[in-house]
Amino acid sequence: MPEVPQTKFTFCRICEASCGLEVDVTDDRIVDIRPDKAHEATEGYACIKGLHQHQMYDSPDRLEYPMKRTGTRWDRISWEQAMSEIGQKVGRLAADDPDSIAMYVGTAAGFSVLHPIFAQGFMQGIGSRSMYASATQDCANKFAMATQVYGFPFTQPFVDLENTECLILVGTNPAVSKWTFLQVPNPGKRLKEIRARGGHVFIVDPRRTESAKVAGEHVFVRPNTDIFFYLAFLRELIEIGGVDESHVRQYMSGFDELRAVVQPWTAERAAEVTKIPADVLRRMVRAYHQADGACLASGTGIGQGTEGTLCVWLQEAINAVSGNLDRKGGSLVGEGVFDFAKFGVRTGMFVKKNYSRVGEFESVNDALPGGLLADEILTPGERQVRALFVTGGNPLLTMANAGRLRDAFAKLELLVTLDIYRNETGALAHYVLPATSPMQRPDLPFAFPLFLGMQTRPYIAATEAVVPPTGEQRDEASIYVDLCRASGIPMFGSRIAQRSLEMAMAFHSRRHPDQLPALPQRGLLSMLLRITGQGGFDALAREPQGRLRPAGQGGDFLGKRVVTADGLVHLAPERFLAAAERLEGKWRAEREAKPTFRLISKRDHKTHNSWTHNIESFITEGFQTNYLHMHPQDAAQVGIAEGALADVISPVATVRVPVRIIEDLMPGSVALPHGWGHQHADGLGVASRTTGVNVNLLAADGPERIERLSGMAHLTGIDVEIRPAAGALDPTSWSGLPAESPVNPAPQDRTA
Ligand code: SF4
């Protein structure tokens, strides 16, 4: 007889909302997930992805054993063999040139506390500076801004959602994507609450988004022109006396230089390229100025443009000079369980200077731009990347110019992935190592709330593992300790640390002889909690609905927690001023350019980047592919009907995709959801049958094509040509492609 389901409480680790979940478990399998109504902060909210995630983890495609590829054949091998063979290669390469070993840390790693710490420790042990992370696909612009303006990359002010009277969102759609750099459950409801209490919500976006439909006044903006919106916004604010001068004098530096930058940018000049009428912009500025607490906030829609860092610089400057930074209803700077910014500056963590070999890009958060990775692999010489560890990520789907990157990965001497699946990147790997899923490990919520207090309702929580690993799955932290041992290198560069961790693992194994060697994860998390004064793991785990922490009300950041050398907010960093000098030329080029279609990306409500396409129940009628969304006027002009195939042509590649006609787009803008294009992932049985295309094939990589200030890839607002599909697409250098799919004959891209 099957067991009666046992209900366990945990939290979701797919996105920053970290929703509380109630999980039914039978025979060590999750059979149902419901939102946890009693959770202190998330109050019974969870989205479709969180509620179906067990189908992603409980799939026949889950990796259960280490696998080795020989040619096109995959063989199960033992952990001993995997460690020994990988360790020998790492040891040899590390002795020759430590920087030849690179690591790519994906978004999934960020939703575990121990995983990224030990991945970083492994690279420290090797002595390699070749760290890459998914941040240069979605948020490095914010880190680069904060390093210059506030002195620490993780100082990221967020809107005081509970109290704001005016919220202006640019290039972000929290109703679908959830919030970014802020833990907000049920964002659509929160936006409605602002309106219900008489506040204003403006959504500036080339598409009338779901967020605009639920709660906002929508304002169209031509993609990739947002920088002129911000310039004109600040100029108008200064014009109407919207600067809190005594505040600026007391807490900030560089206001005169900042004012000089925005001086030429009238609302009328900006309107010529943004297409936001001057009177609409002025109305927004007035609403912002008159509100008792207002905030500008943004997301990947601007970050993935060509001026993402300058945009967030001006956004922060506007919030700061208007007196809205660090005040009720404006933007707040959270406090985690300890002062992370002070700790970072004292230890040099995340603020060390490192430069890429190709293009001399400065690292952001100790990571180099992913848009250079292909060049770093393909360019011979010292520091050439010859081995790559991919941990919790899928760069072959999520990075720019994925076709070129794939060719580069094929030339690596060693490619190892740590993942729950053999995804597109894993398909090319020499070894894939099976990791535990979030539901199979004890954990604390995402590091942002824990260390930085980026929460609308601050709390901490701990979760036990909900189900045990199956087969020979292991947590990543334990794998990295073992990799260090096998490679003859010390974790964190410390022989004492390595020895202690090995002893801890041996001790844990003696107590749990039925399990594979593993670190005592609960003990490590407990240590972390005790160091930060939060008591132990066990006590916190006995409060499954979370333990509330005091909420910030503002007034605790300026003059107190700003960690620049002089303690002031730097409104005019030299690098930003220099970069702003070319904006006049950009504006002219934009104004004089021949009209083109501009491609923006889009998230489907059932997907999280490339993660959820292997959930069978999600791949339903109408959801087996992504669609190119076009305005009816544009579709008529090109001669494409609903459902017909279009070729989307960028300077880098061409993809072929069916068209969906929608009124919600600004004419001249086309939208293609990201995260699709799994036909190359032979380890994803469901996803590989979908026929969507990878929008990132269309984006360019390399030192000339990524943003200089942050290394961000230009993944949205790309100029493209759209044509009715005709003829066969050009062949590419990709090898091992599956048979042609009905919608997207493979290969789908064309190398320029
Ligand atoms: S909103 Fe995010 S955290 Fe909440 S259930 Fe959905 S994916 Fe999970």
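The values are calculated or read from the model by the stated rules, or taken from the named source; none is laboratory data. None of these values were measured; they are calculated from a predicted model. In this analysis, Cβ positions are derived from the backbone assuming ideal geometry, glycine residues included, and neighbour counts consider all displayed protein chains. Just so you know, the surface numbers come from the protein's heavy atoms only, side chains and all, with ligands and any DNA or RNA stripped out. Shrake-Rupley method; radii C 1.70, N 1.55, O 1.52, S 1.80 Å.
Here are some notes:
- Ordering of 394-400, 619-625 by burial proxy (mean other Cβ atoms within 10 Å per residue, highest first): 394-400, 619-625
- Protein heavy-atom accessible surface, 1.4 Å probe, per residue over the stretch 128-182: 19 Å².
- On the basis of the beta-carbon distance and an R0 of 35 Å, THR620 and THR7 show a calculated FRET efficiency of 0.80.
- Put simply, the amide H of ILE14, placed in the peptide plane, has no neighbours under 5 Å, leaving out anything fewer than 5 places away on its chain.
- Rounded to whole Hz, the Karplus (6.51, -1.76, 1.60) HN-Hα couplings of the stretch 493-509, x for glycine and proline: x, 10, 4, 5, 4, 4, 4, 4, 5, 5, 5, 4, 5, 5, 4, 4, 5
- Highest to lowest packing among 299-312, 187-200, 470-483, 342-355, scored as the average C-beta count within 10 Å: 299-312, 470-483, 187-200, 342-355
- Estimated vicinal HN-Hα couplings, Hz - the stretch 590-601 in sequence order (Karplus 6.51, -1.76, 1.60; Gly, Pro = x): 5, 5, 8, 5, 5, x, 10, 6, 10, 8, 10, 9
- Residues with amide H under 5 Å from that of TYR421, placed H, sequence gap 5 or more: LEU63
- Here the chain has 51 percent of its accessible surface on carbon and sulfur atoms, given a 1.4 Å probe and all protein chains in place.
- For the pair the stretch 517-573 / the stretch 286-308, the C-alpha centres are spaced 27 Å from each other.
- Annotation: amide H of GLU472 within the under-5 Å range of TYR65, sequence separation 5 or more or interchain, hydrogens built in the peptide plane.
- Zone residues, the stretch 691-729, relative to ALA644, backbone N less than 15 Å from point 7 Å out along Cα-to-Cβ: 722-727
- Taking every C-alpha pair closer than 8 Å and separated by at least 6 residues, the mean separation divided by the residue count of the chain gives a relative contact order of 19 percent.
- Measuring against 30 Å, Cα to Cα, the residue pairs LYS213/LYS594; LYS142/LYS275; LYS8/LYS213; LYS411/LYS586; LYS37/LYS342; LYS8/LYS352 contain LYS213/LYS594; LYS8/LYS213; LYS411/LYS586; LYS37/LYS342; LYS8/LYS352 as the ones spanning a longer distance.
- Relative protection proxy for 129-140, 659-670, from highest mean packing down: 129-140, 659-670 (other beta-carbon atoms within 10 angstrom).
- FRET efficiency estimate (nearest 0.05) - Cβ-Cβ, SER59 to ARG591, R0 56 angstrom: 0.65
- In this structure the stretch 568-690 gives 38 Å² per residue of accessible area when probed at 1.4 Å with all protein chains present.
- With a simple spin-label model that places each label point 7 Å from the Cα along the Cα-to-Cβ direction, the separation between ALA196 and SER509 comes to 5.6 nm.
- Placing unit charges on the Cβ atoms only, positive for Lys and Arg and negative for Asp and Glu, gives the chain a dipole magnitude near 540 debye about its Cα centre.
- Coupling constants for the stretch 418-434 follow from the phi torsions by the Karplus curve (6.51 cos²θ - 1.76 cosθ + 1.60, θ = phi - 60°), and in residue order they are 10, 7, 8, 10, 8, 8, 4, 5, x, 4, 9, 5, 7, 9, 10, 10, x Hz; glycine and proline get x.
- Computed over the chain, the P(r) tail beyond 41 angstrom holds 28 percent of alpha carbon pairs.
- Over the stretch 297-398, accessible surface divided per residue gives 29 Å², non-protein components excluded, 1.4 Å probe.
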